[in-house]
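The structure appears right after this line, and notes come after that.
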Amino acid sequence: MLIRMLMKPLLTFLSLVLVLLGLVAPAWADFALPPLPYAADALEPAIDATTMTIHHDRHHAAYVANLNAQIATNPDLKSLSLEALQTQIGRFPVAVRNNGGGHWNHSQFWSVMAPQGQGGEPSAELLAAINSSFGSLEALQSQFNQAAAGRFGSGWAWLIRKPDGSLAITSTANQDNPLMDLPGIERGTPLLGLDVWEHAYYLKYQNRRPDYIAAWWSLLNWNEVNRRFAAAA
Ligand code: MN
């Protein structure tokens, strides 16, 4: 009886706490490591489970931790979404650029991959834009592979939608990306980005970056690329 009497006020109190937490949490929230959207071994054999685990649980986690460590000295970070941060990265120190870029780049990287056979196909709209900008999907892939293989040292290859609506291939050094307001960056909305840092492939492919790139196409999550293309238009 006592329990039944207490239950209603207790539930009311708990609901209030949850509502308050919901209201205040965004202002306090640090950047968070998103979980992989599939099991670590789901991309085998193209990307092995050990590489995926180290890449996500250590490398990506370190970018998130290092970005959060920058909040104390850069309190503006608290009020910015990760995506908004990219577009004004130029006013922050290089540690924010490297780790904020690393966090955004890897978050998109996991999402544009899917287990083999589960990534779907390019939408009719995307395919029309690809044909208009590159002539064919094969031509896009060939240009993309050159950008990815030709990036000296560490960086990323990107397919972007430019402000004029056309598609283009570009590449960035380190953890930069095409959203960043930095000199020397070809800006646009990233539709997909490929990590060509050695940590992304060295355990399985060693120095054979082109083999990693070729295998990676089998993992492409076209469903997500289609979504990004539709959202960018
Ligand atoms: Mn990486």
Checklist entry - How about segment 119-145: which of its residues are polar (S, T, N, Q), over 21 Å from residue 231 (Cα atoms) and not in a helix (DSSP H, G or I)? => result 136
Item to check | Enumerated helices (runs of 4 or more DSSP H) restricted to segment 146-233, each holding at least 3 residues that are buried (at least 20 other Cβ atoms within 10 Å of the Cβ) | outcome: 209-216, 222-232
Item to check | Residue ID - farthest from residue 83 (Cα to Cα), chosen from residues in segment 173-190 that are touching a residue at least 60 places away in the same chain (Cβ under 8 Å) and in contact with a strand residue (DSSP E or B) (Cβ under 7 Å, 6 or more places away or on another chain) | outcome: 174
Next on the checklist: For segment 167-224, which positions are away from the ligand (no atom under 13 Å from the Cβ), among the β-branched types (Val, Ile, Thr) and touching a Pro at 6+ places or on another chain (Cβ under 9 Å)?
Outcome noted: 170, 185, 189
Next on the checklist: What pairs come out if I take residues in segment 42-71 that are farther than 14 Å from residue 98 by Cβ and within 13 Å of the ligand (Cβ to nearest atom) and pair them with residues that are in a helix (DSSP H, G or I) and among the aliphatic types (A, V, I, L, M) whose C-beta lies under 6 Å away, six or more apart or interchain?
Outcome noted: 51/203
Item to check | Criterion (surrounded by fewer than 19 Cβ atoms within 10 Å (Cβ to Cβ) and free of Cβ contacts under 8 Å to residues at least 60 places away in the same chain) met by exactly one of 142, 107 | outcome: 142
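Just so you know, all these numbers are worked out from the coordinates, no wet-lab data involved. Predicted, not measured: the structure shown is a model, and the values here were computed from it. Glycine also receives a Cβ, built like all others from the backbone with ideal geometry; neighbour counts cover every protein chain displayed.
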